[in-house]
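The values are calculated or read from the model by the stated rules, or taken from the named source; none is laboratory data. Keep in mind the model is a prediction, meaning the values are calculated, not measured. Cβ: placed from backbone, ideal geometry, glycine included. Neighbour counts: every protein chain shown. Please note that ligands, DNA and RNA were not included when accessible areas were found on the heavy atoms of the full protein model with its side chains. Shrake-Rupley method; radii C 1.70, N 1.55, O 1.52, S 1.80 Å.
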Amino acid sequence: MPSLKALRKRIATVRSTQQITKAMKMVAAAKLRRAQEAAERARPYAAKLSEMFTAVAAGVEPEAHPLLARRPEQRIDLLVLTSDRGLCGGYNANLLRFAEALVRQRAAAEMALVVVGRKGLEYYRRRSARVVAHRQGILSTAPAAMAAELAQEVTRRFVAEETDAVHLVYTRFRSALSQVPTTVPLLPVAAPATDAPSVDYIFEPERPALLARLLPRYVEALITQALLEAVASEQGARMTAMDNATRNAGEMMDSLTLSMNRARQATITKELMEIVSGAEALKG
């Protein structure tokens, strides 16, 4: 059994760790609230932009714009959104496992990766995967600015025919306890499926000119929405992980305190027995 001194030191260490995880949980909860509000506010804009794009792209031939061109998917880019920091439970592991499953499904295609986040970059570098571009600072960079850079990179590669398709892999936010790895086809741009009846609009300027302006913005909007969802998911996962760590630290402290009390009781009992034995020996 460990000594009383070792147990007291261990309890102090666990208590200090518990204070850190509790503070990190509170910080993550505050950041989660803001990130969740940002993601929810962006959803109506993304939905309306999708509706507009569907109306403009209705009846347009794929040759009308380079971002609509469909080719056999022999070369595929995956745009993977991970985090820069750890301490967020299985957030990165689940997403990267999901991305690896996608890669195995398209084993016949040549895969390239555009990675956001230090964790994803380190993961793929250890496996010598082909990373054609990477970005860091998902929490410190404005989502719109990062989305513009990423959209420019993937559209450049697609228009130059360096890749035949681009798929976006990110974690969709449901709640603080539930984040779901998701994939969305990004390029070539496809009109989202809708059950709404088609409406014949009169466009000004003409449909091809409007489409040329709308398509890059639509791609940026999809990436921006994914970045907002990823940030909210990361904060939710971190808050849940720190809450579990705080609870586990409390349970460990209770167990160590019980062990310390037992050790102290055994020490006291041993000392009493020595005193009684010494007194009996003196009498004899």
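Once every DSSP H run of n ≥ 4 in the chain is given -39500 (n - 2.57) and the sum is divided by its residues, what mean residue ellipticity at 222 nm do you get, rounded to the nearest 500 deg cm²/dmol? Walk me through the numbers before you get to the answer.
Working: 5 runs with 172 residues, N = 284.
Taking each H run of at least 4 residues, the total per residue is -22000 deg cm²/dmol.
How large is the Kirkwood hydrodynamic radius of the stretch 107-245, in angstrom, based on all distinct alpha carbon pairs? Numbers along the way, then the final one.
Details: mean 1/r = 0.0584 Å⁻¹.
17.1 Å is the Kirkwood radius here.
Could you check how many percent of all C-alpha pairs in the stretch 1-60 are farther apart than 13 Å? All intermediate terms of the calculation are to be shown ahead of the outcome.
Numbers: 1335 of 1770 pairs.
Result: 75 percent of Cα pairs exceed 13 Å.
Ordered by residue, what ³J(HN,Hα) values in Hz, to whole numbers, does the stretch 222-239 give under the Karplus form 6.51 cos²θ - 1.76 cosθ + 1.60, where θ = phi - 60° and Gly and Pro are x?
Ordered by residue, 3J(HN,Hα) equals 4, 5, 4, 4, 5, 5, 5, 5, 5, 5, 5, 5, 4, 5, x, 5, 5, 4 Hz.
About its Cα centre, how strong a charge dipole does the stretch 58-197 have in debye, to the nearest 20, once Lys and Arg get +1 and Asp and Glu get -1 at the Cβ? List each step's numbers first, then the result.
Details: 18 positive and 14 negative charges, 150 e Å.
Value, rounded to 20: 720 debye.
Grab the other residues whose beta carbon is less than 15 angstrom from that of Ala64, score K and R as +1, D and E as -1, and report the net.
My count for the surroundings of Ala64 gives 0.
Over the stretch 14-89, with the other protein chains present, what is the accessible area per residue in square angstrom, probe 1.4 angstrom?
Working: 4330 Å² over 76 residues.
Heavy-atom SASA per residue in the stretch 14-89 reads 57 Å².
Only four residue types carry charge here, +1 at the Cβ of Lys and Arg and -1 at the Cβ of Asp and Glu. Report the dipole size of the chain about the Cα centre in Debye, rounded to the nearest 20.
Numbers: 40 positive and 29 negative charges, 360 e Å.
It works out to roughly 1720 debye.
Where in the chain is the longest stretch that carries no GluC sites (Glu not before Pro) classed as loop by DSSP and with at most 11 other Cβ atoms within 10 Å? Provide the component values of the computation, followed by the final result.
Values: sites that count: Glu161, Glu206.
Result, exposed sites excluded: 1-160.
Amide H to amide H under 5 Å from Leu168: which residues, 5+ apart in sequence or cross-chain, H placed 1.01 Å off N in plane?
Leu79, Val184, Leu186
Counting other Cβ atoms within 10 Å, which trypsin sites (Lys or Arg not before Pro) in the stretch 26-124 have at most 16 and lie in a DSSP loop? Write out the running numbers ahead of the final one.
Working: sites: Lys31, Arg33, Arg34, Arg41, Lys48, Arg70, Arg75, Arg85, Arg97, Arg104, Arg106, Arg118, Lys119; in loops: Arg70, Arg85, Arg106.
When the trypsin sites (Lys or Arg not before Pro) of the stretch 26-124 are filtered for loop state and at most 16 Cβ neighbours within 10 Å, Arg70, Arg85, Arg106 remain.
With every protein chain present, what is the per residue accessible area of the stretch 95-145 (1.4 Å probe, Å²)? Before the final figure, lay out each step's value.
On the way: 2880 Å² over 51 residues.
Here the per-residue accessible area is 57 Å².
Specify the inter-centroid distance of the stretch 137-171 and the stretch 227-282, based on alpha-carbon positions, in whole Å.
So the separation of the two Cα centres works out to 48 Å.
Using a 1.4 Å probe on the protein heavy atoms, what percent of the accessible area of the chain belongs to carbon and sulfur? Walk me through the numbers before you get to the answer.
Numbers: 9030 of 16250 Å².
Exposed carbon and sulfur together represent 56 percent of the surface.
Can you list residues from other chains, or at least 5 along the same chain, whose modelled amide H is less than 5 Å from the amide H of Ala112?
It is Ile76, Asp77, Leu78, by chain and number.
Step by step: find N for the chain, compute 2.2 N^0.38 Å, then divide the Cα radius of gyration by it. What's the final number?
Numbers: Rg = 28.4 Å, N = 284, 2.2 N^0.38 = 18.8 Å.
Here the answer is 1.51, to two decimals.
Under a 10 Å cutoff between Cα atoms, tell me which one of Thr246, Thr82, Thr267 has the largest fluctuation in the Gaussian network model of the chain.
Judging by the Gaussian network model, the answer is Thr267.
By how many degrees, between 0 and 90 and to the nearest 10, does the Cα long axis of helix 4-57 differ from the longest principal axis of the chain?
10 degrees
Need the list of aspartates and glutamates near Lys25 for cross-linking: C-alpha distance under 14 angstrom, and skip anything on the same chain fewer than eight residues off.
Within the straight-line limit of under 14 Å, Lys25 reaches these aspartates and glutamates: Glu234, Asp243.
Can you give the relative contact order of the chain as a percent, counting alpha carbon pairs under 8 Å and 6+ residues apart?
Values: 374 pairs, mean separation 91.5, N = 284.
RCO, the chain: 32 percent.
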